[in-house]
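Scroll down for the structure; my scribbles are underneath it.
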Amino acid sequence: MLNSKYHKIEMFHSKLSGKKKLVLDAQILTESKSYTNDFTFSFKIDKTYFNIIQSNSDKFDMRIDNRAFEAIQAEEKFKPREESKPIVQKPM
């Protein structure tokens, strides 16, 4: 969720054809065809910067405002959640 709105980022990669495609919210951002492992693409959603970087032949890393997605995800996993307040019913 970014600024109270959900976004879907998809990365497609074919080792057979070398085709790579990056899609944001059903809109193609970029397509390329290359057998090299040097794919990089940067884009922005509102005021937030995203980078997709191919780190090896079959691994892509996403950075959000220059922070690794895995690090952000780990922080969120251990972030304390607000506990819901118990519902108190008044006697009739």
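Each reported figure results from applying straightforward, stated rules to the coordinates on display, with no laboratory input. Values in this document were obtained by computation on a predicted structure and should not be read as measured data. In this analysis, Cβ positions are derived from the backbone assuming ideal geometry, glycine residues included, and neighbour counts consider all displayed protein chains.
May I ask you to say which residue of LYS15, LYS33, LYS47 is among the basic types (Lys, Arg) and touching a strand residue (DSSP E or B) at 6+ places or on another chain (Cβ under 8 Å)?
After applying the criteria, what remains is LYS33.
Does segment 16-30 hold any residues that are in a loop (DSSP other than H, G, I, E, B) and within 13 Å of GLN54 (Cβ to Cβ), and which are they?
Step one: list which residues in segment 16-30 are in a loop (DSSP other than H, G, I, E, B), which gives 16-18, 25-26.
Answer for segment 16-30, where residues must be in a loop (DSSP other than H, G, I, E, B) and within 13 Å of GLN54 (Cβ to Cβ): just GLY18.
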- prompt: Are there any pairs, at least 6 apart or on different chains, whose C-beta atoms fall under 6 Å, with the first in segment 55-77 and part of a strand (DSSP E or B) and the second loosely packed, with under 11 Cβ neighbours inside 10 Å, and if so, which?
  reply: ASP61/SER55
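Of all residues in segment 1-55, which are among the aromatic types (Phe, Trp, Tyr) and surrounded by fewer than 12 Cβ atoms within 10 Å (Cβ to Cβ)? Working first, answer last.
Taking segment 1-55 as the starting set, the residues that turn out to be among the aromatic types (Phe, Trp, Tyr) are 6, 12, 35, 39, 41, 43, 49-50.
Those that are among the aromatic types (Phe, Trp, Tyr) and surrounded by fewer than 12 Cβ atoms within 10 Å (Cβ to Cβ): TYR6, PHE12, TYR35.
Could you pull out the residue among LEU24, LEU2 that is among the aliphatic types (A, V, I, L, M) and in contact (Cβ under 8 Å) with a residue 40 or more places away in the chain?
That would be LEU2, the only listed residue that is among the aliphatic types (A, V, I, L, M) and in contact (Cβ under 8 Å) with a residue 40 or more places away in the chain.
When segment 6-15 is examined, which residues are found to be free of Cβ contacts under 8 Å to residues at least 40 places away in the same chain, within 17 Å of LYS33 (Cβ to Cβ) and either in contact with a helix residue (DSSP H, G or I) (Cβ under 9 Å, 6 or more places away or on another chain) or assigned to a loop (DSSP other than H, G, I, E, B) (or both)? Reasoning before the result, please.
Residues of segment 6-15 free of Cβ contacts under 8 Å to residues at least 40 places away in the same chain: 6-8, 10, 12, 14.
Next cut, within 17 Å of LYS33 (Cβ to Cβ) only: 12, 14.
Hit for segment 6-15 is SER14, nothing else.
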